Amino acid sequence: MTPSPTRRQVLGGLAAGAVAAIAGTTVARAAAGAVTYTAPGPRQRIDLNPGWRFVKSDVSGAQATGFDDSGWQTVSTPHTWNAVDGADGGNNYYRGVGWYRRHVTVPQNLAGKMLYLQFAGANQVADVWVNGTHVGQHTGGYARFRFGVTDVLVPGKDNVIAVKVTNAADPDIAPLSADYSFDGGIYRNVSLWAVDKLQIQMLDYSGPGVYLRQNTVSASSATVTVTTKLYNNNTTSRTVAVRSIITDAGGTVVADVTSPAAAVAANAGYRTDQTITLSTPRLWNGLADPYLYTANVEIHDVTGGADTVTDVVGQPLGLRTFAVDPAAGFSLNGTPLSLHGVNLHQDRAGVGWAITDGDHTQDFDLIQEIGATAIRMAHYQHDQKDYDLADQRGLVVWAEVPLVNAVTNSAAFTAGAELQLRELIRQNYNHPSIAFWSIGNEQRHDDTATNTLLGALAQIAAAEDPDRLSTYASNSSDNAGVGLHSQLCGFNKYFGWYGGSKDGDLGAWADALHSASPNRRLALSEYGAGANTTQHALNPAAPSSGGSWHPEEYQSLFHEAAWKQIKDRPYLWGTFVWNMFDFASDGRNEGSQPGINDKGLVTRDRAVRKDAFYWYKANWATTPTLYITSRRWTQRTDAATELKVYSNADQVTATVNGTSLGTLASSDRIFTWTGVTLQPGANHVVVTATIAGATQTDTVTWNLG
């Protein structure tokens, strides 16, 4: 391979003229007979999740190679020490130091490679040692981080990794507080990476080092700038060419460009910007068609006429445009799209934050089942698996920095918040699902320090990524300064739960603000009500939000009223239920579930979809839905009741104990038979409906007496 500024490259079956390369710019179109591409794999990843020793205390000298950890607990990462006490109430879960130690022997053939320890997440300060040498400290509990360990980790020999993690409160680290438990530990995956000395940068805020900026996108063409940051860690200069290959979902090459060869000095960085245009691209179109190309960037060492691929990084490329209009709301690829969805926390029963890829996938299966089009990934950077799943499933994402409740007016706090935002953006820049960068949530003080920081974060978001939109989630007054720094603003409103009425207050508030500020682009970033699936009442009044009584039926009534007000207001560019799943908040004691925020549409163990889940499924999903509510209220004391069904059918027929209650039609997806009388003993309820030509049936049994 002999790159030059005017080099024309024809790859395999690409027809002559299908690809033209001029000064690093390529215009490409798919051609008959085009070949598939398989990326080389010069990088090596070693899984370090199993085999850790752990102790939940601060231990002097535990970083030393010869330290005796035989009495410690054996664990695997992901791991947290707050899986139980972070969700049992009392607000007294352990916030302090935990130590992890692990032995590792890496293959001898990795000698000469650059070695990096990678932590996908540890909360919230992590100090790392290798063979007794401190290799770095990371602050902030949610971003991926890496440390170079080439000089201290010896291939072919036994090495000791020691990690000290603390989740103790720290006034210089965001978030200072929030309505969720701050689980401590190495709660995401750990790995070791071996990379050639001539590499795509590993330490650019631990981002991919390859950044895909979509300049123009339409059905006729898409132009993308591929920015690659590489580094030559060799002691001599290298002549380097950068090749970028775009493949479709089947692996067929649709664009291929190689930059002119350039000399890169020893121990120096280098950047290339390559522009690629695709003709008639297939767009990433949300749930309808979440189509993904892949961009692979190869680093070629062509020193002295050789040609060695030293590094390759692949990134998802979903081509799309989006916009938010103050009157019409959100549009994707020029077509209006209702962004209705849920908020998501990284938490589940039994394991806390230490969730697996399988857990993430199950969560997205449930989110997809309900028919959501969007997710607010509150209140922090999530695991890469979540963003990958959103890309693949076609869900539009609100991503957020963990600035919650309050700030500390200090240089350290400001620097830390800015670092967490840059990590969030650099590490997730290429995910097509992400449309919004949020600079914070629910600041309690509309003061100078808070507004100065929010203003700085908004500027960073615009500088790091001028193509996406910044937003913020406010629970302050509608015109408070905290909500005016970002391009968009969401509001957290709980009419009918924390005061007000569920019937009409939400719509009246939204209309008043939209009328007063018609050019503001408004969202409903949170709304919701609690529910305990073991507590039931017929058409209950609003319970005390902080009390022990949270009947499941009130949550349903709340969401029925909320959605009816939301769906007819397209100027709300996004609406997000709080929350998709119940989650740990150890300071709470309500709904007879200490330590749990019970506003989820699904229980924390993912075992029960609450009634309100099916209300949204009947309204959002295209799949047939027929669901009898109050189904868990199996033991009855009153014979007089009603039967309520959620369905996207035109008509539903019901029987009780074989006696017909008749057939009802509905214009709002709610079918209610009043005046139902239960008989002593078991009462068998059956509903049927025809949806999309197929008969659907649901049954429950209610026992009286």
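In the stretch 49-204, carbon and sulfur make up what percent of the accessible area (probe 1.4 Å)?
On the way: 2630 of 5500 Å².
Answer for the stretch 49-204 is 48 percent, counting heavy atoms of protein chains only.
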Requested in this report: Could you state, as a whole-number percent, how many of the C-alpha pairs of the stretch 644-705 are farther apart than 16 Å?
Outcome: 44
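Could you put GLU464, GLU423 in order of accessible surface area, largest first, with the 1.4 Å probe and the full protein assembly present?
Result of the area sort, largest leading: GLU464, GLU423.
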**Report entry** Probe 1.4 Å - accessible area at LYS385, Å² to nearest ten
**Finding:** 60
Query raised in the report: Once every DSSP H run of n ≥ 4 in the chain is given -39500 (n - 2.57) and the sum is divided by its residues, what mean residue ellipticity at 222 nm do you get, rounded to the nearest 500 deg cm²/dmol?
Result: -4500 deg cm²/dmol
Report task. Take each of the peptides 428-434, 677-683, average the number of other beta-carbon atoms within 10 Å over its residues, and list them starting from the highest. Result -> 428-434, 677-683
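Can you tell me the order of 624-630, 338-344, 34-40 when each peptide is scored by its average per-residue count of other Cβ atoms within 10 angstrom, highest first?
On the way: 624-630: 21.9, 338-344: 24.1, 34-40: 14.4.
Put in order of decreasing packing, that is 338-344, 624-630, 34-40.
Please report the relative contact order for the stretch 570-637, taking Cα pairs under 8 Å with a sequence separation of at least 6, and give it as a percent rounded to a whole number. Could the numbers behind the result be given before it?
Working: 68 pairs, mean separation 13.8, N = 68.
The value is 20 percent.
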Report task. For the stretch 471-531 and the stretch 74-95, compute the distance between their C-alpha centroids and round to whole Å. Result -> 34
Requested in this report: Find the relative contact order for the stretch 413-464 and round it to a whole percent, using C-alpha pairs within less than 8 Å whose residues are 6+ positions apart.
Outcome: 57
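Could you check what % of the DSSP bridge pairs in the chain are antiparallel, to the nearest 5?
Roughly 80 percent of the beta bridges in the chain run antiparallel, per DSSP.
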Query - Selection from ALA323, ALA295, THR308 lying farthest towards where the dipole of the stretch 282-378 points positive, charges on Cβ - result: ALA323
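For the stretch 104-154, what does the equivalent ellipsoid look like in terms of its semi-axes, each the square root of 5 times an eigenvalue of the Cα gyration tensor, given largest first in whole Å?
Details: eigenvalues 102, 26, 13 Å².
Those come to 23, 11, 8 Å.
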**Report entry** Per residue convex hull volume, Cα atoms of the chain, in Å³
**Finding:** 171
Requested in this report: Give the distance, in whole Å, between the Cα centre of the stretch 624-687 and the Cα centre of the stretch 376-407.
Outcome: 39
Query raised in the report: Going from the alpha-carbon gyration tensor of the stretch 532-615, what semi-axes, largest first and in whole Å, does one get by taking the root of 5 times each eigenvalue?
Result: 22, 15, 12
Report task. Using Cα centres only, tell me the gap between the stretch 247-322 and the stretch 142-160 in whole Å. Result -> 28
**Report entry** Nearest-10 value in Å² for the accessible area of TYR116, using the 1.4 Å probe
**Finding:** 10
Requested in this report: Calculate the dipole size of the stretch 466-554 relative to its Cα centre from +1 charges on Lys and Arg beta carbons and -1 charges on Asp and Glu beta carbons; express the result in debye to the nearest 20.
Outcome: 260
Report task. Treating only the Cβ atoms of Lys and Arg (+1) and Asp and Glu (-1) as charged, compute the dipole magnitude of the chain about its Cα centre; round to the nearest 20 debye. Result -> 1280
Query raised in the report: Counting only the backbone N, which residues of the stretch 611-637 are under 19 Å from the spot 7 Å out from the Cα of GLN651 toward its beta-carbon?
Result: 625-627
Requested in this report: Taking the dipole about the Cα centre of the chain, with the C-beta of Lys and Arg at +1 and of Asp and Glu at -1, give me whichever of VAL257, GLY499, LEU678 is farthest to the positive side.
Outcome: VAL257
Report task. Using a 1.4 angstrom probe on heavy atoms only, work out the carbon and sulfur share of the accessible area of the stretch 469-578 in %. Result -> 51
**Report entry** Mean accessible surface per residue for the chain, computed with a 1.4 Å probe while every protein chain stays in place, in Å²
**Finding:** 35
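Put ASP85, ASP158 in order of accessible area, largest first, 1.4 Å probe: what do you get?
Numbers: ASP85 35, ASP158 90 Å².
Final ranking, largest accessible area leading: ASP158, ASP85.
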Query raised in the report: For the chain, what's the relative contact order in percent, using C-alpha pairs closer than 8 Å and at least 6 residues apart?
Result: 11
Query raised in the report: Counting Lys and Arg as +1 and Asp and Glu as -1, each charge on the Cβ, what is the dipole of the stretch 632-705 about the Cα centre in debye, to the nearest 20?
Result: 140
Requested in this report: Would you kindly work out the equivalent ellipsoid of the stretch 129-219 from its C-alpha gyration tensor and give its semi-axes, the square roots of five times the eigenvalues, largest first in whole Å?
Outcome: 27, 26, 11
Report summary line: Looking only at lysines whose Cα falls under 16 Å of LYS644's and that sit 8 or more positions away or on another chain, we get LYS610, LYS617
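Classify the stretch 53-182 from the C-alpha gyration tensor, please: rounded if a/c falls under 1.5, else prolate or oblate depending on whether a/b exceeds b/c.
Numbers: a/c = 2.38, a/b = 1.73, b/c = 1.38.
Note, shape of the stretch 53-182 comes out prolate.
Counting only protein heavy atoms, what percent of the accessible surface of the stretch 632-705 is carbon or sulfur at a 1.4 Å probe?
Details: 1780 of 3740 Å².
Of the solvent-accessible surface of the stretch 632-705, carbon and sulfur hold 47 percent.
The values are calculated or read from the model by the stated rules, or taken from the named source; none is laboratory data. As the structure is a computational prediction, the values presented were derived from the model and not from experiment. Cβ sites come from the backbone with ideal geometry, for glycine too, and all protein chains shown count toward neighbours. The area values use the complete protein model at the heavy-atom level, side chains included, leaving out ligands, DNA and RNA. Shrake-Rupley method; radii C 1.70, N 1.55, O 1.52, S 1.80 Å.
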